[in-house]
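Trainee: This is the structure, below, for whatever I ask next.
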Amino acid sequence: MTNKQRVLLLGATGETGGSILKGLLNDAQSFEVEALVRPSSVAKPAVKALAARGVNIRVADIEGPLEDLVKTLAGVDVLISAINAGGQLAQLQLATAAKQAGVKRFVPCAFTTVAPPGGVMSLRDQKEEVYQHIRKLYLPYTIIDVGYWHQISFPTLPSGRVDYAAVIKPKVEIHAGGDQPSILIDLVDIGPFVALIIKDPRTLNNSVIAYGDVLSENEIFGIMEALSGEKIAREYISADAIIATRARCAAAAKADPKSYPAWLQSVGQDYSYSKYVRGDNTPAYAKYLGYLDAKELYPNFQPTRFTEFARELLDGKMEKIYPDMVFPAKVEAASEK
Ligand SMILES: NC(=O)c1ccc[n+]([C@@H]2O[C@H](COP(=O)([O-])OP(=O)(O)OC[C@H]3O[C@@H](n4cnc5c(N)ncnc54)[C@H](OP(=O)(O)O)[C@@H]3O)[C@@H](O)[C@H]2O)c1
């Protein structure tokens, strides 16, 4: 007889899911970890590598017949989704199947910044549609948000020293004055946080904010300059310019709903608006929205501060995230900067 929780993870080969997988595998006393993989991905080397690490693979098309999906979820205690940003609404049927299969806790794909529902961030609104569906089903759940990753928050340097790990380069923008504090996390800390949260009865049917730091862009640039000895030539983007660019990108995405790059650019502008113009992504606003704070729940876990991350980054020790992905070109601000 085992007391381990059987956890089924969707997205184990992705960035967020990879961190979660590691966090769960490192707590082998608590979890039996399996991966949910779509049929078209079974032959991928990354999936074969999962199996080689001893992770059992369950194969299902989450948008295929409901009865098949319910069977796939049999015996699962905790179902975690770390589906890519563009796939949020595919979780609607997954939640329905989880309810029918008797899953004891569903962790839908949140893992983003703090923001309110209702027109501030289109990505957030898709996630909220999934949360509302979960609540209508009376399915036990936990929503875990994490702020913005350190890995996509650092500016590039004139020497090119950190370009090896940068998703977008150059990245030297300061938004809306740069003084707005914003929640940050090291991607590697998401997994250990998830492991703590899903074992904890206090987090059932709650939202949790888990993070390592709260810093403004001006503070982040200051840390990078102090540690590197380099001076960054900042590009200032005003709140008005963010609002205008966001509107332009949202209109472009609406006009071409099948264009993933257009949607991704619009999502990026939503982030700037929410984090820097509205100032949503803070512990205080998270509390106001009803989140539990993982720092208070797990005071013994010390997540990575941005300064520690930056030291490793400057030492050349970071792995590039999304190594195979091509990102859309930078959007020029619509009006004054
Ligand atoms: N907080 C932040 O700073 C931040 C940054 C980036 C992303 N995020 C959030 O994190 C979430 C995860 O994004 P990510 O960028 O980490 O993901 P990712 O690296 O793109 O990985 C997505 C994973 O989902 C799997 N997947 C996609 N569709 C699937 C389907 N229909 N059935 C089964 N598996 C499927 C993919 O597997 P295959 O494609 O191989 O099948 C892959 O393993 C997003 O929703 C986003 O909101 C947050």
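Trainee: Principal axes first, then extents: for the Cα atoms of region 166-207, list largest minus smallest coordinate on each axis, whole Å, largest first.
Mentor: Answer, in whole Å and largest first: 42, 22, 12 Å.
Trainee: Tell me the label-point distance for the pair residue 324, residue 167, using the 7 Å Cα-to-Cβ offset, in nm and rounded to one decimal.
Mentor: In this crude label model, residue 324 to residue 167 measures out at 1.7 nm.
Trainee: What are the ³J(HN,Hα) couplings of region 74-80, residue after residue, when phi is run through the Karplus curve with 6.51, -1.76, 1.60 and θ = phi - 60°? Round to Hz, x for glycine and proline.
Mentor: 4, x, 7, 7, 10, 10, 10
Trainee: Can you send over the solvent-accessible area of residue 31, 1.4 Å probe, protein chains only, in Å² to the nearest 10?
Mentor: In the full protein context, residue 31 sits at about 10 Å².
Trainee: For a quick check: with amide H placed at 1.01 Å from N, whose amide H comes under 5 Å from residue 31's, ignoring anything fewer than 5 positions away on the same chain?
Mentor: For residue 31, the qualifying residues are 5.
Trainee: On to the next question. Each residue of region 228-240 in turn: what ³J(HN,Hα) in whole Hz from Karplus with 6.51, -1.76, 1.60 and θ = phi - 60°, glycine and Pro shown as x?
Mentor: Listing the rounded values in order: 8, x, 9, 9, 9, 7, 7, 10, 8, 10, 6, 4, 4 Hz.
Trainee: Past 22 Å, Cα to Cα: identify those pairs from 4/287; 127/317; 258/330, in the order given.
Mentor: Long pairs (Cα-Cα over 22 Å): 4/287; 127/317.
Trainee: Just to confirm a number: summing +1 for Lys and Arg and -1 for Asp and Glu over residues other than residue 117 whose beta-carbon lies under 10 angstrom from that of residue 117, what do you get?
Mentor: Its environment carries a net charge of -1.
Trainee: Taking only the alpha-carbon positions of region 78-196 and ignoring solvent, what does the Debye formula give for the base-10 log of I(q)/I(0) at q = 0.17 Å⁻¹?
Mentor: -0.94
Trainee: Return a whole-number percent for the relative contact order of region 179-231, with Cα pairs under 8 Å and 6 or more residues apart as the contact set.
Mentor: Rounded, it is 53 percent for region 179-231.
Trainee: Here's a follow-up. What FRET efficiency, computed as 1/(1 + (r/R0)^6) with R0 = 25 Å and r the Cβ-Cβ distance, is obtained for residue 104 and residue 289, rounded to the nearest 0.05?
Mentor: That gives a FRET efficiency of 0.50.
Trainee: If you don't mind, there's one more thing I want to ask. Provide the three semi-axes, in whole Å and in decreasing order, of the ellipsoid equivalent to the chain as defined by the square roots of 5 times the Cα gyration tensor eigenvalues.
Mentor: Working from the Cα gyration tensor, I get semi-axes of 33, 22, 20 Å.
Trainee: Also, quick follow-up: When the solvent-accessible surface of protein heavy atoms is calculated with a 1.4 angstrom probe, in what order do 34, 129 fall, highest first?
Mentor: The ranking, largest first, comes out as 129, 34.
Trainee: Output the relative contact order of the chain, whole-number percent, from Cα pairs under 8 angstrom with separation of 6+ residues.
Mentor: Relative contact order, the chain: 18 percent.
Trainee: To continue, here is another question. For region 29-172, what is the charge dipole size about the Cα centre, in debye to the nearest 20, if Lys and Arg each add +1 at the Cβ and Asp and Glu each add -1 at the Cβ?
Mentor: 300
Trainee: Residue by residue, what Karplus-based ³J(HN,Hα) values in Hz, rounded to whole numbers, does region 51-64 have, using 6.51, -1.76 and 1.60 with θ = phi - 60° and x for Gly and Pro?
Mentor: 4, 5, 7, x, 8, 5, 9, 10, 10, 7, 9, 5, 9, x
Trainee: Another question, if that's okay. Students sometimes get this wrong: rank 136, 317 by accessible area, probe 1.4 Å, all chains present, largest first.
Mentor: My answer, sorted largest first, is 136, 317.
Trainee: Hey, rough spin-label estimate for residue 244 and residue 138, points 7 angstrom out along Cα→Cβ, what's it come to in nanometres?
Mentor: Simple spin-label model gives 5.3 nm for this pair.
Trainee: Ignoring everything except DSSP H segments at least 4 long, calculate the 222 nm mean residue ellipticity for the chain; use -39,500 (n - 2.57) per segment, divide by total residues, nearest 500.
Mentor: My calculation for the chain gives -11000 deg cm²/dmol from helical runs alone.
Trainee: Sticking with this structure for a sec: I'm checking a number: the convex hull volume of the Cα atoms of region 18-104, normalised per residue, in Å³. What is it?
Mentor: 99
Trainee: Can I ask one more? Å³ per residue of the Cα convex hull, for region 139-253?
Mentor: Looking at region 139-253, the number lands at 149 Å³ per residue.
Trainee: Also, quick follow-up: Pairs of alpha-carbon atoms within less than 8 angstrom and 6+ residues apart define the contacts here; what relative contact order does region 206-337 have, in percent?
Mentor: That works out to 46 percent.
Trainee: Give the separation of the Cα centroids, region 146-168 to region 253-316, in Å.
Mentor: 14
Trainee: What nm distance separates the two modelled labels at residue 66 and residue 258, each placed 7 Å from Cα along Cα→Cβ?
Mentor: Result: 2.9 nm between the two label points.
Trainee: Write down the Å³ per residue value for the convex hull defined by the alpha carbon atoms of region 187-245.
Mentor: Dividing the Cα hull volume of region 187-245 by its residue count gives 148 Å³.
Trainee: Take each of the peptides 74-80, 265-271, average the number of other beta-carbon atoms within 10 Å over its residues, and list them starting from the highest.
Mentor: Put in order of decreasing packing, that is 265-271, 74-80.
Trainee: Given 22/99; 254/275; 44/199; 104/275, which pairs have Cα atoms separated by over 24 Å?
Mentor: Flagged as over cut-off: 22/99; 44/199; 104/275.
Trainee: Subtracting the Cα-Cα distance from 0.36 nm times the residue separation, let me have the gained length for residue 206 to residue 159 in nm, one decimal.
Mentor: Once the chain is fully extended between residue 206 and residue 159, it gains 12.4 nm.
Trainee: Could you give me the radius of gyration and the Dmax of region 1-68, taking only the C-alpha atoms into account and expressing both in angstrom?
Mentor: Reported Rg and Dmax, both Å: 12.3, 35.
Trainee: Using a Förster radius of 45 Å, what is the FRET efficiency between residue 38 and residue 231 based on their Cβ-Cβ separation? Nearest 0.05, please.
Mentor: Approximately 0.45, to the nearest 0.05.
Trainee: For residue 236, what residues show an amide H to amide H distance below 5 Å, using hydrogens built from the backbone and excluding near sequence neighbours?
Mentor: Answer set, sorted by chain and number: 174.
The values are calculated or read from the model by the stated rules, or taken from the named source; none is laboratory data. Being a predicted model, the structure only gives us computed values, none of them experimental. Note that each Cβ is placed from the backbone with ideal geometry, even for glycine, and that neighbours are counted across all protein chains shown. These area figures cover heavy atoms from the full protein model, side chains too; ligands, DNA and RNA do not enter into them. Shrake-Rupley method; radii C 1.70, N 1.55, O 1.52, S 1.80 Å.
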